[in-house]
Each structure stands twice: as C-alpha cells, then as structure tokens.
Amino acid sequence: MRVALCQIPVSSRPEVNAGRVRDALGRAADQATQVRFGSDLLAAAEPLDGPFCSGLAAAAKQTGVALVAGVFEPAPEGRVYNTAVAYDGAGELVASYRKLHLFDAFGHRESDLVAPGSALVACTLAGVRTGLAICYDVRFGELSRALAVAGAELLVLPATWAAGLFKEEHWVTLVRARAIENTIWVAAVGQVPDPDERPTRAATGIGRSLLVDPLGVVRADLGPAPSVTVAEIDTDLIATVRASLPSLANRRDDVFGPPPAVSPT
C-alpha cells in the first residue's frame, strides 16, 4: 500500500482548504481539513452530505486516491463534532469517526465548542484494515489498543497539535508509542499554521506529520512546513514483528478485561 501524508496550512475559509486538499491529492496521485480552530466552527459545520464533504468525495474519485480528512459536523446544544471522514478511491464514504477525547488541557477547552463522539471506528481502505483517531486521542492508549485488537493494521490520526513547551516531543513520542505497543503502522498527519491568517490562541498545528512502522521506526517525517510525501506501507511487516514481539497475544484480558467493541464498517 502506498500512503501519502498531506501536511497543509489550514485557513479559516473552507473554500481555500477544499482547494488545498484537491491540490494535495493531485500531488499524491502523481507521486486534507475544513477550517482551522479559532474560526467559527458552528458556521462552518456541515452534514456529511454537505458541499465540503461532497468536494472531498469528488476529489477522491477524480484522483483515485482514498483519503481521510478532518471536518466539523453540527452537534446538539450549539456545538459541533470533530470528525474524521474516510473515502475510498471511488469517492464513496466508507466511515466517519467522531473524536472521543476532547482537548480540555493546557488551558484549552475544546468541549466548550465540540461534543464528544461515543464509538470506536475502523474501516477498510485500499485493502488495509484502518483504525481512525483524532489528535488528542493519541494520548489515550486504550483507543489504539482496541482498534489493533479488532484487526487494524494502520492507525490514521489527523491532528491540529497545539504548540507549547515539550508539546512537539510529546507528539513524536506518543505517535511512536502507539505504533510500538500495538505493532501496527501509524500515519499521523498534522497541519501547519497558515501565514495568511491572523495569529490566534487556538491550536493551528506544528506539522511533523509522521509515518511510523510496527517497530517504531519513523519512515517519514514532514517537518514544520507544508509538504506532501508518498511512502510505502508493508502490512506483511506486522506479522514479522509479531512473530518475535507478540505483545498483543500476551495481553491479560483476564486481569484488565477485553477492550471495547469497534464499530464495523
């Protein structure tokens, strides 16, 4: 499987971001996000059959590239859902995942604007069983463990990682840890600040999109600037690693209990 990490600056204007996603997908085919935090999320939020997601579906179909991107859906009580959508190469929506863990940390209060999801989600993209998570979810190892136990070979993690003291080190360490402890591939894709936008206290990303293999080896690191990188994922490596490092087989469900169920798609 070939995977493209598309690290783009994210504007407060959905139409600008839609164009950037299309351009990034075109570059990926040759070798994704709706608005940034700090924008009016409720005004930008759309149902999954709205114009922004329809544009994502059309871009996936036109390029033949499956994609995972972050969007905002309307939620009850004047909030939104922070949602990852997955489209196959034919432009069909195969899964959507609403972020479980809200970023009420480091002085931020995501829960003031965003409602939490309630389900774990995995799907099949390009023949690879793929688990979905978003940003702050990476700090909660039980989520990626449940996805791995349910058969995920790849964890896709779109993020708007907030800058701050040691935050970049946390990001790299946590992404690698999720790959190592579950012996799976992790594609963690961050956004970068848009130089055309005014500064904001809201998270606007640090870049550092990563592709990490089941041994924790960083196969791609996009650094702090906008970039698109295409790399190979060898799912056979998972079995090779687990033959000598069977950490999933050695877990103690009799002590800790089984992981939560994952919504099948």
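Within segment 197-226, can you find the residues that are surrounded by 14 or more Cβ atoms within 10 Å (Cβ to Cβ), of a type in the set (D, E, K, R) and in a loop (DSSP other than H, G, I, E, B)?
Scanning segment 197-226 gives GLU197, ARG208, ASP213.
To keep it simple, each residue is scored yes or no on (1) at pLDDT 95 or above; (2) surrounded by 24 or more Cβ atoms within 10 Å (Cβ to Cβ); (3) not in a loop (DSSP other than H, G, I, E, B).
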position	(1), (2), (3)
ALA90	yes, no, no
LEU100	yes, no, no
GLY107	no, no, no
THR124	yes, no, yes
ARG129	yes, no, yes
SER144	yes, yes, yes
LEU147	yes, yes, yes
VAL156	yes, yes, yes
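So if I check each of THR229, THR265, which one is within 29 Å of ASN17 (Cβ to Cβ), outside any loop (DSSP other than H, G, I, E, B) and open to solvent by 40 Å² or more (accessible area, probe 1.4 Å)?
Within the list THR229, THR265, the selection yields THR229.
Filter segment 43-86 down to residues that are under 19 Å from LEU113 (Cβ atoms) and among the charged types (D, E, K, R) and give me whichever is least open to solvent (accessible area, probe 1.4 Å).
GLU73
Does segment 166-176 contain at least one residue that is part of a loop (DSSP other than H, G, I, E, B), of a type outside the set (S, T, N, Q) and surrounded by 23 or more Cβ atoms within 10 Å (Cβ to Cβ)?
Checking segment 166-176: not a single residue is part of a loop (DSSP other than H, G, I, E, B), of a type outside the set (S, T, N, Q) and surrounded by 23 or more Cβ atoms within 10 Å (Cβ to Cβ).
Only one of these conditions is not met by VAL228: (1) touching a Phe, Trp or Tyr at 6+ places or on another chain (Cβ under 7 Å); (2) farther than 18 Å from ILE180 by Cβ. Which number is it?
Among (1) touching a Phe, Trp or Tyr at 6+ places or on another chain (Cβ under 7 Å); (2) farther than 18 Å from ILE180 by Cβ, the lone unmet condition for VAL228 is (1).
From the residues in segment 164-211 that are within 23 Å of VAL21 (Cα to Cα) and among the hydroxyl-bearing types (Ser, Thr, Tyr), which one is modelled with the highest pLDDT?
So the residue we want is SER209.
Residues of segment 232-261 being at pLDDT 95 or above, touching a strand residue (DSSP E or B) at 6+ places or on another chain (Cβ under 9 Å) and surrounded by 13 or more Cβ atoms within 10 Å (Cβ to Cβ), which ones?
Those that are at pLDDT 95 or above, touching a strand residue (DSSP E or B) at 6+ places or on another chain (Cβ under 9 Å) and surrounded by 13 or more Cβ atoms within 10 Å (Cβ to Cβ): ILE233, THR235, LEU237, ILE238.
Conditions first: (1) open to solvent by less than 50 Å² (accessible area, probe 1.4 Å); (2) farther than 21 Å from ARG208 by Cα. LEU25 passes all but one, so which condition is the exception?
The one condition LEU25 does not meet is (2).
The values are calculated or read from the model by the stated rules, or taken from the named source; none is laboratory data. Everything numeric here is computed off the predicted structure, so don't read it as measured data. Glycine gets a Cβ as well: all are built from the backbone with ideal geometry, and neighbour counts include every protein chain shown. Keep in mind that these areas ignore ligands, DNA and RNA; they rest on the heavy atoms of the full protein, side chains included. Shrake-Rupley method; radii C 1.70, N 1.55, O 1.52, S 1.80 Å.
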